[in-house]
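First comes the structure, then the notes that go with it.
The values are calculated or read from the model by the stated rules, or taken from the named source; none is laboratory data. Predicted, not measured: the structure shown is a model, and the values here were computed from it. Every residue, glycine as well, gets a Cβ built from its backbone with ideal geometry; the counts of neighbours run over all protein chains shown.
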There are 2 protein chains.
Amino acid sequence: MYINKSIQQIAQDAAMAARKLARITEIEKNKALLRMAEGLERNSAMLLTENSKDVVNAKKSGISKAMLDRLTLKQSTIEQMAKGLREVAALPDPIGKVISMWRRPNGLMVGKMRIPLGVIGIIYESRPNVTVDAAALCLKSGNAVILRGGSESIKSNLAIASVLQKVLRETSIPVNAIQVIPVTDREAVSEMLQMEEHIDLIIPRGGEELIRAVVAQSKIPVIKHYKGVCHVFVDASANMEMAVDICLNAKTQRPGVCNALETLLVHKDVAGKFLPLVANKLKKAGVVIRGCEKTKLILKKIEKAAEADWYAEYLDLILAVKVVEDIDAAIAHIEKYGSLHTESIITDDYANSQRFLNEVNSSTVVVNASTRFSDGFELGLGAEIGISTTKLHAFGPMGLEELTTTKFIIYGNGQVRT
Amino acid sequence: MYINKSIQQIAQDAAMAARKLARITEIEKNKALLRMAEGLERNSAMLLTENSKDVVNAKKSGISKAMLDRLTLKQSTIEQMAKGLREVAALPDPIGKVISMWRRPNGLMVGKMRIPLGVIGIIYESRPNVTVDAAALCLKSGNAVILRGGSESIKSNLAIASVLQKVLRETSIPVNAIQVIPVTDREAVSEMLQMEEHIDLIIPRGGEELIRAVVAQSKIPVIKHYKGVCHVFVDASANMEMAVDICLNAKTQRPGVCNALETLLVHKDVAGKFLPLVANKLKKAGVVIRGCEKTKLILKKIEKAAEADWYAEYLDLILAVKVVEDIDAAIAHIEKYGSLHTESIITDDYANSQRFLNEVNSSTVVVNASTRFSDGFELGLGAEIGISTTKLHAFGPMGLEELTTTKFIIYGNGQVRT
């Protein structure tokens, strides 16, 4: 009962804060963000101490090395977080922007103005930097945020929140604009996901399992991204050198992320020439290839791909490779096995570039560049709160604008409807 | 089991159709819409016959007169439906529109292109005209549609669908782009709402009860609109004549719709003058007033408003009236009791007009005009598929663009990420 009450109160307080926050000027929001950056820097000793307690507990419970890396704060991480806050302060405020306005025949002026969504709940793993990052983006876009990080990072997150809230107390921004759920019970998340009256949007950030669990329980709309099975299609007319560079970059520059290449499709007319070229470089980079029968005929000493490989998000130095008949077969493969994330065609053929761009309806469709550009910063959104692979509200990398909605504003001079 | 299979098949077929439909040109879609208009006109005798069977059954089961009116087709209704199809054909196609495009420092050209959502499920009451209307808007926006009207209209809906599908068979558009669920069992709706893999969006159109039932069951995102508790705030500086005209129009021009006025807020400084003026006209129009204590002191012979009246969507000739201290009290009342639908301020004060427009975050905010303009046609969207009072994806009246999403398109020339 305590948790129930507590989470309900957090959600109500957030909703109250959101109403006030919607009216706060950009100048005030930026001032708060810059002071938060200073606050983190000034309190770095305290933050490192609290974080080290989390790290000790996490080691005891035996979490993986990768998770421990993400959990551990260093002086440099704190500097990065402060830098991130300053970058968000420098971004344009989306709120109040009138994205279009037109006059109706009866003289009414009708416009669409960006407003905050209200209250956003962020559910994420034990990564204290996400606490700062998400809080900053929500604040800048006028949304109150409820943060729920992984239980291993609870002390770090509460320490960070105390610094951010201390800054808010010195401004006109309500302190409940940024709240961290102070308990680690799973029940708390379940409660939170029922608060549809107070929370407008849930963004889960983490693995597929976490996201599926959130979706299954939530009464609140969820913007989700299950996985990224990204494709590169090397067309018959592709510049071979460019194709090799892009495949290598897309697969190996950072294999553990969602916009990394997972399945390579190669036009049959160039498979004999292209596959040995790319396989040679991939092998040097430590990539294991799992190929279709035709690929095996060309590359010989590789593993055979099973049906499951075409659905796989390896997040690792493994690549599925398939030789396809033509662009139609490539598009059909992407439609069947893809995850609506990011697909790239490498081609020198004008018509095929246009067909790929128009016919593939993944959230990001690329011609002659790496899938790794599917990222809020790389696309010029200035920030990234997540990547959506469902089509409602936002599709693809989400920046500040995707944390807003629009209302209609109407200027009249006495019009009535006849 | 039969239903389970059947609904699943309908959803799968719709998803297949949606992929093809996304690539159909505007010319082909318009040709189909115009032929559908002819088809309805040519088959009007058959449509009226099938509809009359529905009407006979509905009378036996004793549905209300209002529902019977909505169910009954006449020659003129069929002409209206055909006209509606021609109007949708004349609207610009939103698909393929690049809403913005920019160059990144590395030379990548990045754009956002409108694409269909995919498959849309529409759940509505026994109104055969909605079958045509919704099918047309979904087709034009490149979405496959699954239509589920009230059980009383099943024969009418199947007859309409047969006409529309016959046209599709003569075009390159897949026939499963428009499907009517052929059974009236409630189970069928429940099944449909679980098909999140195939259906992208559910739009329920009807009363609050229907919408709540859909939301409670659906695994698919729902764009919803529970109710419209619309407010007019008559400020101290309001032009009295304009204020009377707007209140009368907003309350009485069509009291049964969601953008009709339900609560009138009056600034205390003009209540003594304004309330008798407007009450006189409202009374002549048959409106019953339920007022706060201060209103009762001025108007005397009216009913006293209870707390529930401030939350009420009467959809009838009843009006709640409250005298408020100032614009802050008006905005606070709207925040507490409003439904995020439509609010209007009547004022000659510049600062208050701006405050109201900026601080009230309902889906439509109006200065000096009737709330009745909150409508897709009146706002110039060209069509209306519904009105959303939740903020995700769409907020306010929804036209064709709200049935789309955007994908990122990237033109590169070999860029890789460093």
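Overview of results
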{"quantity": "Helices (runs of 4 or more DSSP H) completely within segment B:1-119 that count 3 or more residues being surrounded by 18 or more Cβ atoms within 10 Å (Cβ to Cβ)", "calculated": "B:2-21, B:26-42, B:44-60, B:75-90"}
{"quantity": "Some residue of segment A:182-191 being within 21 Å of the chain's Cα centre (by Cα) and at negative phi", "calculated": "yes"}
{"quantity": "Test for B:Lys155: is it in contact with a strand residue (DSSP E or B) (Cβ under 7 Å, 6 or more places away or on another chain), surrounded by fewer than 24 Cβ atoms within 10 Å (Cβ to Cβ), assigned by TED's automatic domain parsing to the domain that holds B:Glu26 and modelled with pLDDT of 95 or more", "calculated": "no"}
{"quantity": "Flag if B:Gly142 is away from chain A (no Cβ under 14 Å) and either small (Gly, Ala, Ser) or more than 22 Å from the chain's Cα centre (by Cα) (or both)", "calculated": "no"}
{"quantity": "Residue among A:Ala18, A:Ala58 that is aliphatic (A, V, I, L, M) and either under 30 Å from B:Ala394 (Cα atoms) or outside the structural domain of A:Ile203 (by TED's automatic domain parsing) (or both)", "calculated": "A:Ala18"}
{"quantity": "Hey, B:Leu68 touching a Gly at 6+ places or on another chain (Cβ under 6 Å) and more than 22 Å from B:Ile181 (Cβ to Cβ) or not", "calculated": "no"}
{"quantity": "B:Thr364 vs. criteria more than 22 Å from B:Val88 (Cα to Cα) and either crowded, with 22+ Cβ neighbours inside 10 Å or out of contact with any Leu (no Cβ under 7 Å at 6 or more places or on another chain) (or both)", "calculated": "yes"}
{"quantity": "Check on A:Leu71, modelled with pLDDT of 95 or more and within 30 Å of A:Gln194 (Cα to Cα)", "calculated": "yes"}
{"quantity": "Any hit, segment A:369-377, residues being farther than 21 Å from A:His333 by Cα, surrounded by fewer than 22 Cβ atoms within 10 Å (Cβ to Cβ) and more than 9 Å from chain B (Cβ to nearest Cβ)", "calculated": "yes"}
{"quantity": "Flag for A:Ser353 being within 14 Å of chain B (Cβ to nearest Cβ), at pLDDT 95 or above, out of contact with any Cys (no Cβ under 8 Å at 6 or more places or on another chain) and more than 29 Å from B:Asn143 (Cα to Cα)", "calculated": "no"}
{"quantity": "Matching residues in segment B:329-347 - criterion: being touching a strand residue (DSSP E or B) at 6+ places or on another chain (Cβ under 9 Å), within 10 Å of chain A (Cβ to nearest Cβ) and surrounded by fewer than 19 Cβ atoms within 10 Å (Cβ to Cβ)", "calculated": "B:Ala332"}
{"quantity": "Selected residue [part of a loop (DSSP other than H, G, I, E, B) and within 14 Å of chain B (Cβ to nearest Cβ)] from A:Asn249, A:Asn259", "calculated": "A:Asn259"}
{"quantity": "Neighbours by Cβ (under 6 Å, 6+ apart or cross-chain): first from segment A:249-263, in contact (Cβ under 8 Å) with a residue 40 or more places away in the chain; second surrounded by fewer than 23 Cβ atoms within 10 Å (Cβ to Cβ) and acidic (Asp, Glu)", "calculated": "A:Pro255/A:Asp316; A:Glu262/A:Glu313"}
{"quantity": "Residue that is within 14 Å of chain A (Cβ to nearest Cβ) and buried (at least 19 other Cβ atoms within 10 Å of the Cβ), where the choices are B:Val266, B:Val229, B:Val278", "calculated": "B:Val278"}
{"quantity": "Answer residue from segment A:379-402, given it is within 7 Å of another protein chain (Cβ to nearest Cβ) and farther than 21 Å from B:Pro116 by Cα and is modelled with the highest pLDDT among those", "calculated": "A:Leu379"}
{"quantity": "Hits in segment B:403-418 - residues which are more than 7 Å from every other protein chain (Cβ to nearest Cβ) and either of a type in the set (Ser, Thr, Tyr) or under 10 Å from the mean Cα position of the chain (by Cα) (or both)", "calculated": "B:Thr404, B:Thr418"}
